[in-house]
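Single-structure report; data block below.
The values are calculated or read from the model by the stated rules, or taken from the named source; none is laboratory data. Just so it is clear, the model here is predicted, and its values are computed rather than measured. All Cβ positions, glycine included, derive from the backbone under ideal geometry; neighbour counts span all protein chains shown. Surface areas here come from the heavy atoms of the whole protein model, side chains and all, with no ligands, DNA or RNA. Shrake-Rupley method; radii C 1.70, N 1.55, O 1.52, S 1.80 Å.
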Amino acid sequence: MSSVIRSASCSDTTPEPTLLSVADARQRILDDIPLIKANEKLNLRDALGRVLAEDVISPLSVPGHTNSAMDGYALAGSELPRFGDKSFEVVGKSYAGAPFAGSCVAGQCVRIMTGAVMPAGTDTVVIQEHVLHEASNRIRIDDGHRSGQNVRLAGEDIQAGSAVLHASHTLTPADIGILASLGIGEVRVRRRPRVAFFSTGDELRSIGEQLLEGEVYDSNRYSLYGMLKRLGVEILDMGVVRDNADAVHDALTEAANMADVVITSGGVSVGEADYIKSVLEDTGKIDFWKIAMKPGRPLTYGRIGDARFFGLPGNPVAVMVTFYQFVRPALQYMISGAYQPPLQLTATSTSAIRKRPGRFEFQRGIYQQDESGNLSVGKTGKQGSGVLMSMSKANCFILLPEECDGVDEGEPVKIQPFETFV
Ligand code: AMP
Ligand code: MG
């Protein structure tokens, strides 16, 4: 079902090469990505955010005992008055951690606190606010109660021997709380992917170095670091590599030996110094794609040995957009065996947006919600693929699909809020 989109003719008369759609490129990548099966045992706190390698079977039932959900008086539901009220003798107390040892018979009840075990002969709790005190050991109850009320049954939440969490599940704060409630201190989780990356470009300098004319500081390694860190993968930052075939070859080989995924930025277009291409053409299986998207048209994907390789464009915004569209889904799949597309919402465009059909545009937007819950969105300003401030100011992508030929002020557009994936 792979569809190839022909970009609408633009300014020049040369026919556009065939372009691959964003969805097809992503699918091709996902079809090639392996799930990491290796796993390790971690204690609960370290396992937060990690992916379970196996089902967790509960050793206990929760609650372990039938207990009271409220502070009040435990009695047999069959003893509740049907009409009018009735007096009960209070024969003891049941506290959380200090149960009542005896049992209740007709006409008796037990003072009980939240979480305390229900005494033998009782199945119902009348809350303390609903009783009248007649004497130090007598209460009176009216007819407004239901048998079985205010009681939590043993095993009601979790049955001993059942799978409480399943393999491939990502552990949340609630999950590690549940595991703790079952007395489980360690869980088996999948190993995190190792991701090596470097920047290419003779013009790139590292922080602390002097900039000569035409040179720029390497920012891609920092935005890449940030995006990878948020995904919780293992990060191997290999620095800047010069535009030189041998240097690029050596760096790629070293990276592929250490990592599951290798990412480079820069040097994948048809410029003179684009060595990545020539270096990779004889090292494994590599595709050079022109993708119908903006920013981020050239993209290289393939394998170096067992490692998966992403050659991202050099422009700083293109790096981030292609990372979120292609690398993040791949890493998500590697980690969990599934790709969950980011949440999309519909917002009203506060201005007209110009666009030609043919490419999927990821414009950077700022969305907000008014008092009635309606969403509106506007662009962050200059949208050039080198303008990283457009990402910094933004809180969402405005999604303009291939066929879209512009948006009028007041028209609905799809957005992807950053807080769900950035
Ligand atoms: P390239 O894809 O190598 O042709 O680079 C495209 C543009 O992105 C050029 O203006 C580069 O200077 C810039 N660029 C490439 N890599 C980086 C980087 N690591 N940090 C900042 N800018 C970069
Ligand atoms: Mg370059």
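Which cross-chain or sequence-distant (5 or more) residues have an amide H under 5 Å from the amide H of residue 284, H modelled 1.01 Å from N in plane?
Under 5 Å from the amide H of residue 284 lies no amide H from a residue far enough along the sequence or on another chain.
For an R0 of 51 angstrom, estimate the FRET efficiency from the Cβ-Cβ distance between residue 290 and residue 57 and round to the nearest 0.05.
0.55
Treating the stretch 196-270 as a set of equal point scatterers at the Cα positions, no solvent, please give the Debye-formula log₁₀ I(q)/I(0) at q = 0.13, 0.15, 0.22, 0.28 Å⁻¹.
For the stretch 196-270, the Cα-only Debye profile gives -0.39, -0.52, -1.04, -1.35.
Go from 0 up to the bin containing the longest alpha carbon distance in the chain, width 20 Å each, and give me the % of pairs per bin.
21, 37, 22, 16, 4
Farthest toward the dipole's positive end in the stretch 271-336, which of 320, 289, 301, given Cβ charges of +1 (Lys, Arg) and -1 (Asp, Glu) about the Cα centre?
320
Suppose we keep just the alpha-carbon trace of the stretch 109-254; what are its Rg and Dmax in angstrom?
Gyration radius and largest Cα-Cα distance of the stretch 109-254: 31.8, 94 Å.
Relative contact order (percent) for the chain, with alpha-carbon contacts under 8 angstrom and 6 or more residues of separation?
16
What order, most packed first, do the peptides 371-382, 119-130 have when packing is the mean number of other Cβ atoms within 10 Å of each residue?
Ranking the peptides 371-382, 119-130 by packing returns 119-130, 371-382.
Could you work out the mean projected area of the convex hull around the alpha carbons of the stretch 219-366, in square nanometres to one decimal?
So the Cα hull casts an average projection of 10.1 nm².
In whole percent, how big is the carbon plus sulfur part of the accessible area of the stretch 15-110, probe 1.4 Å, protein atoms only?
52
Please give the residues of the stretch 309-336, grouped as numeric ranges, whose backbone N is less than 17 Å from a label point set 7 Å along the Cα-to-Cβ vector of residue 258.
Only 309-310 pass the distance filter.
For the stretch 59-110, how big is Rg over Rh, using alpha carbon atoms and the Kirkwood form of Rh?
Dividing the radius of gyration by the Kirkwood radius yields 1.03.
Just need the relative contact order of the stretch 80-164 here, percent rounded to a whole number, with Cα pairs under 8 Å and 6+ apart.
About 32 percent, as a whole number.
State in Å² the accessible area per residue of the chain; use a 1.4 Å probe, count heavy atoms of protein chains only, and round to the nearest integer.
Accessible surface, normalised per residue, equals 49 Å².
I need the Debye-formula profile for the stretch 323-371: one equal scatterer per C-alpha, no solvent, reported as log10 I(q)/I(0) at q = 0.25, 0.30 1/Å, two decimals.
Result of the Debye calculation: -1.04, -1.20.
Whole-Hz ³J(HN,Hα) for each residue in the stretch 208-215, computed from phi via Karplus 6.51 cos²θ - 1.76 cosθ + 1.60 with θ = phi - 60°, x for glycine and proline: what do you get?
After applying 6.51 cos²θ - 1.76 cosθ + 1.60, I find x, 8, 6, 8, 8, 4, x, 9 Hz.
Let me know the charge dipole size of the chain about its Cα centre in debye, to the nearest 20, where only the beta-carbon of Lys, Arg (+1) and Asp, Glu (-1) is charged.
So the dipole magnitude of the chain works out to roughly 480 debye.
Which percent, nearest 5, of DSSP beta bridges in the stretch 349-422 are antiparallel?
If I count the DSSP bridges inside the stretch 349-422, around 95 percent turn out antiparallel.
How large is the Kirkwood hydrodynamic radius of the stretch 37-195, counting all unique pairs of alpha carbons, in Å?
It is 17.9 Å.
Out of all DSSP beta bridges with both ends in the chain, state the antiparallel percent to the nearest 5.
DSSP beta bridges in the chain are roughly 70 percent antiparallel.
Kirkwood Rh, Cα Rg: Rg to Rh for the stretch 283-397?
My calculation puts Rg/Rh at 1.03.
Could you work out Rg/(2.2 N^0.38 Å) for the stretch 332-422, with Rg from alpha carbons only?
1.13
Where does the stretch 70-154 land on the Kirkwood hydrodynamic radius, alpha-carbon pairs, in angstrom?
12.4
Take peptides 181-193, 225-237 and line them up by average Cβ neighbours within 10 Å, highest first, as a rough protection proxy.
With the highest mean Cβ count within 10 Å placed first, the list reads 181-193, 225-237.
State the number of lysine pairs found in the chain whose Cα atoms come within less than 22 Å, restricting to pairs 8 or more positions apart or on distinct chains.
Lysine pairs meeting both conditions in the chain amount to 21.
Assuming R0 = 56 Å, can you tell me the calculated FRET efficiency for the pair residue 180 and residue 140, based on Cβ-Cβ distance, to the nearest 0.05?
For R0 = 56 Å, the calculated efficiency reads 0.85.
Pop out the ³J(HN,Hα) list for the stretch 119-127 in order, Karplus 6.51 cos²θ - 1.76 cosθ + 1.60 with θ = phi - 60°, rounded to Hz; leave Gly and Pro as x.
Couplings: x, 4, x, 10, 8, 9, 10, 9, 5 Hz.
If you project the alpha carbons of the stretch 252-334 onto the principal axes, what extent comes out on each, in Å, largest first?
33, 32, 18
If N is the number of residues in the stretch 32-126, what value comes out of its Cα radius of gyration divided by 2.2 N^0.38 Å?
Cα-based Rg divided by the globular estimate yields 1.79.
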